[in-house]
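Bear in mind these aren't lab numbers, they're just calculated from the coordinates by the rules spelled out. Because the structure is predicted, anything quoted here is derived from the model rather than measured. FYI the Cβ positions are ideal-geometry reconstructions off the backbone, even for glycines, and counts take in every protein chain you see.
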Amino acid sequence: MKKSLLLFSLVAMGISAAHAASVYTITLTSGERYTDCTINYKSTDSTKFTGKDKSGKTVTKTVSQNTIINMREVVKEEPEEEVAPTPAAEAETAPQETPAGQPDAEKAEEAPAAETAETPAPIADGNISPREGEDKAADATVRLRSKLASIDTEMAKISKPSRALQSQTSRVKERVTRQLADMDSSALEIAKLQDAFNKAGAADFTFDKVSADERDRYVRDGEAAYKAMKIDMKEKKGRRKVGGLDKFEIMRDRYQGIPEYKSAHEWYIKTLNDLQKKWTRMYDKETTARKRLGADKRQAMTKLDERQYNELAAKLKEDGDDIATVWFVPQNRNQKMLSICVNKVKDAIRRNERERLDAAVGTVPSLLEQFWAGMDNVRMAMVTGNLEGAEKQISEIPSYNIIMGLKQQLLPNEYRTPIREQYRLTQQEITRRMREYRRLKASLERSIASLDRITSNAEAQIDSALAAVQKELDSDAGDNTMEVVKEEAPAAEATPAAQPEAAQ
């Protein structure tokens, strides 16, 4: 009996040793992960193992089979037999030293740096890691092939396996082998989906409707108009001052958004006042002089005024201007021109005295800076794959709605329309990427779930077969020990029977 128990213990120890020979990394559904695990006991329902938790502490746990998400075998390389190096070999393997006598450590650090550069950027999704799909597919097929091979290994330990067991294991191996071909196909599909998924979340994006150089075009154009106006208004000659008035009119119609407009408006009012004094003085002087003339002379001067006025109007018309609306320099003795210019300048002063500048005057450059800073943040979120962040950020750029609501005089449509178009196209691209991202994510999750179902089914079949093999292996060990006991019994029983014969 003792021999029987001893033999059974040796068989059990052999089974445990077979499990202990492999080292695993085990991940549970709770998120716990254990490394350097050795299997103490394993059945179809539970597994007992010893391993290290995340703090490095060695623990022993018994867990249900359905709580194990992943049990990956860690392949340890067999240490090569060390051979005593010859002096020549030592010279060849000795580290190269720099002139200062220190080993060249920089080259040793180059490899990790290169590996880091090739690491893919993380996807902004908490549910699927960058390579989870491929890892799952690879783990599943490798694990199943390993377990499938273990059937034959365990069967070889049975001296005379039953026909039922042979039939069961044969069917399982045939069935799972066929399924492995489908799994390989699924693994390739998952790898392709994973690659497309990784690229869908993060891709480059450029603002093609408004380039970086064009962002401040409105400000540059407005500042150029202001400088040209200021140069003309500083001139002493009346003709240049009139040119300054025309340039201010351009600013009033188009560039009230720049900060310089307030200063330009002050220059405009000052120039109008100067011209009013000058032209009024000239008109009064000419009017007094004509009162001394006779009727015929005054009539001749009036006809001359009309002719000169008409000639000027014709010249302006050739240039595309209307004498009734543009500023012009009156001739010193032309009473009609002087009268028209005096009235026009007085009317302009009166209108500007009543004018109240818009609260948004001078604010456009800062609004544009805020808008493009926000758009740059949106773009950065897009190219790094943070699509939800990009969608939220673009809807929270407050300066956009303000810019779109500005009057034409503060920001003309030729500057505003490209901004609106760029904003719209960026929103569309975010929506398109999110739609594609969700589609690929759903496809990837479906493929992974499908592979999980197939592998779980195949693994259950293998586990069932292994359990049957283990059961018969246990019985096989018991039968062998019983045969040993039966063979020893006749020898023991023969001694008492022989004694009477000797006595006789």
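Towards the positive end of the charge dipole of the range 338-381, with charges on Cβ (+1 Lys, Arg; -1 Asp, Glu), say which of Val361, Gly374, Val345 has the farthest Cα.
Highest projection toward the positive end goes to Val345.
Starting from the Cα of Lys317, step 7 Å along the direction of its Cβ; do the same at Ala295; then give the gap between the two resulting points in nm.
Between Lys317 and Ala295, the simple spin-label model gives 3.3 nm.
Within the range 184-274, list the trypsin sites (Lys or Arg not before Pro) lying in a DSSP loop whose Cβ has at most 10 other Cβ atoms in a 10 Å radius.
Passing both the DSSP loop test and the Cβ count: Lys236, Lys237.
Report the Cα centroid-to-centroid distance between the range 350-391 and the range 173-189 in angstrom, as an integer.
Answer, in whole Å: 57.
Between Arg416 and Lys270, what FRET efficiency follows from the Cβ-Cβ distance if R0 is 45 Å, with the result rounded to 0.05?
Once the sixth-power term is evaluated, E becomes 0.90.
Going toward the positive end of the dipole of the range 412-474, with +1 on Lys and Arg Cβ and -1 on Asp and Glu Cβ, which of Asn413, Tyr437, Ala467 do you reach last?
Asn413
Modelled label-to-label distance, Thr38 and Met404, 7 Å Cα→beta-carbon offset: nm?
Going from the Thr38 label point to the Met404 one covers 6.9 nm.
On a 24 Å Cα-Cα criterion, which of the cross-link pairs Lys57/Lys471; Lys278/Lys317; Lys230/Lys278; Lys278/Lys336; Lys247/Lys270 come out too long?
Check vs 24 Å cut-off fails for Lys57/Lys471; Lys278/Lys317.
Please compute the length gained on full extension between Asn343 and Ser170, using 0.36 nm multiplied by the number of residues separating them and subtracting their Cα-Cα distance. Before the final figure, lay out each step's value.
Details: separation 173, 0.36 × 173 = 62.28 nm, distance 11.20 nm.
Taking 0.36 nm per residue and subtracting the Cα distance, the gain is 51.1 nm.
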